[in-house]
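Written out below as structure tokens is the structure these notes cover.
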Amino acid sequence: MHIGVLQTGHAPEALRAAHGDYGDMFRALLAGQGLRLTDWDVEGMEFPPGPDAAEGWLITGSKHGAYEDHAFIPPLEDFIRAARAAQVPMVGICFGHQIMAQALGGRVEKFAGGWAVGPQRYDFGGETLDLNAWHQDQVTAAPAEAEVIAQNDFCALAGLRYGDWGLSVQPHPEFDDRFIQGLIETRGRGLVPEAQLQAAAARLDGARDAGRMAARIAQFFKQGRG
């Protein structure tokens, strides 16, 4: 199944040699799931010709806020709505989760409670998944059509489902613990409170549930498509 990766940001340059860019991380996460990924640099205004250019779409994370004034955000929101109208399945991760909600009538804000960094535990309808996170922004009001599928005490709207068309989550299953450690060192200092960075680093034991989340994403893409 051909999945288009809408890349809305880039990994820090200092980390790319070891980890690749965001599209590479999703290829690693979803390896063996029967998905073929093609990247589109939408942050750089490289957009697909339409939602039928792939059989499904995945929107990556970004350092940008969904509510900020960037040239790529309005056409990305248009593309999200076009994909929904055409019923081409879409998955959003972190910023992708936020921009999907915003495009469909929800609200995204800088969360007054601060940052989520590193390993977090999420309740997916009674199943607990331990996944890495790196965000301050959150979806604070879900679109009317969205069903909440994941949450924790810090992030009440950590996962949303839009019927058979859309699935989005706030955490980063594609970020392994080594990459989070790299983010702490390259992006975190001076941005996130130092005590929180140290606490996150102390929890990096490699025991994440990324594989289980990858299986959920792949199953969502392939449902009803053989």
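The values are calculated or read from the model by the stated rules, or taken from the named source; none is laboratory data. Keep in mind that what you see is a predicted model, and the values were worked out from it rather than measured. Please note: Cβ atoms are built from the backbone with ideal geometry, for glycine as well, and neighbour counts cover all protein chains shown.
Could you check segment 24-126 for strands (runs of 3 or more DSSP E) lying wholly inside it with 2 or more residues that are more than 19 Å from ARG161 (Cβ to Cβ)? Spell out the reasoning first.
Working: elements: 36-40, 56-59, 90-93, 107-110, 116-124.
Where strands (runs of 3 or more DSSP E) fall fully within segment 24-126 and carry at least 2 residues being more than 19 Å from ARG161 (Cβ to Cβ), they are 36-40, 107-110, 116-124.
When you look at GLY166, is it closer than 22 Å to ALA85 by Cα and modelled with pLDDT under 95, yes or no?
Answer is no for this residue.
So that you can scan it fast, the table gives a plain yes or no per residue for (1) surrounded by 22 or more Cβ atoms within 10 Å (Cβ to Cβ); (2) touching a Leu at 6+ places or on another chain (Cβ under 8 Å); (3) under 28 Å from ILE184 (Cβ atoms); (4) not basic (Lys, Arg):
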site: VAL117; (1), (2), (3), (4): yes, yes, yes, yes
site: TYR122; (1), (2), (3), (4): yes, yes, yes, yes
site: ALA144; (1), (2), (3), (4): no, no, no, yes
site: ILE149; (1), (2), (3), (4): no, yes, no, yes
site: ASN152; (1), (2), (3), (4): no, no, yes, yes
site: ALA156; (1), (2), (3), (4): no, no, yes, yes
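Across segment 169-178, what is the number of residues that are within 24 Å of GLY159 (Cβ to Cβ), surrounded by fewer than 21 Cβ atoms within 10 Å (Cβ to Cβ) and out of contact with any Asp or Glu (no Cβ under 9 Å at 6 or more places or on another chain)?
Summing the residues that are within 24 Å of GLY159 (Cβ to Cβ), surrounded by fewer than 21 Cβ atoms within 10 Å (Cβ to Cβ) and out of contact with any Asp or Glu (no Cβ under 9 Å at 6 or more places or on another chain) in segment 169-178 gives 1.
Could you pull out the residue among GLY182, GLY159, GLY206, GLY188 that is closer than 24 Å to PRO89 by Cα and among the small types (Gly, Ala, Ser)?
Just a single option satisfies the conditions, and that option is GLY159.
Can we say GLN102 is polar (S, T, N, Q), surrounded by 18 or more Cβ atoms within 10 Å (Cβ to Cβ) and farther than 28 Å from LYS222 by Cβ? Outline the logic, then answer.
Values: polar (S, T, N, Q): yes; surrounded by 18 or more Cβ atoms within 10 Å (Cβ to Cβ): yes; farther than 28 Å from LYS222 by Cβ: no.
So GLN102 does not fit the description; no.
One line per residue, one yes/no per condition, for (1) charged (D, E, K, R); (2) surrounded by 14 or more Cβ atoms within 10 Å (Cβ to Cβ); (3) free of Cβ contacts under 8 Å to residues at least 12 places away in the same chain:
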| position | (1), (2), (3) |
| --- | --- |
| LEU6 | no, yes, no |
| GLU13 | yes, no, yes |
| TYR22 | no, yes, no |
| GLY44 | no, no, no |
| ASP52 | yes, no, no |
| GLY56 | no, yes, no |
| GLU77 | yes, yes, no |
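Which members of segment 127-146 meet the condition of being among the charged types (D, E, K, R) and either within 18 Å of PHE179 (Cα to Cα) or in a strand (DSSP E or B) (or both)?
The answer is GLU127, ASP130, ASP137.
Output the residues belonging to segment 68-82 that are under 18 Å from VAL169 (Cα atoms) and either of a type in the set (A, V, I, L, M) or out of contact with any helix residue (DSSP H, G or I) (no Cβ under 7 Å at 6 or more places or on another chain) (or both).
Listed by number, the residues that qualify are LEU76, ILE80.
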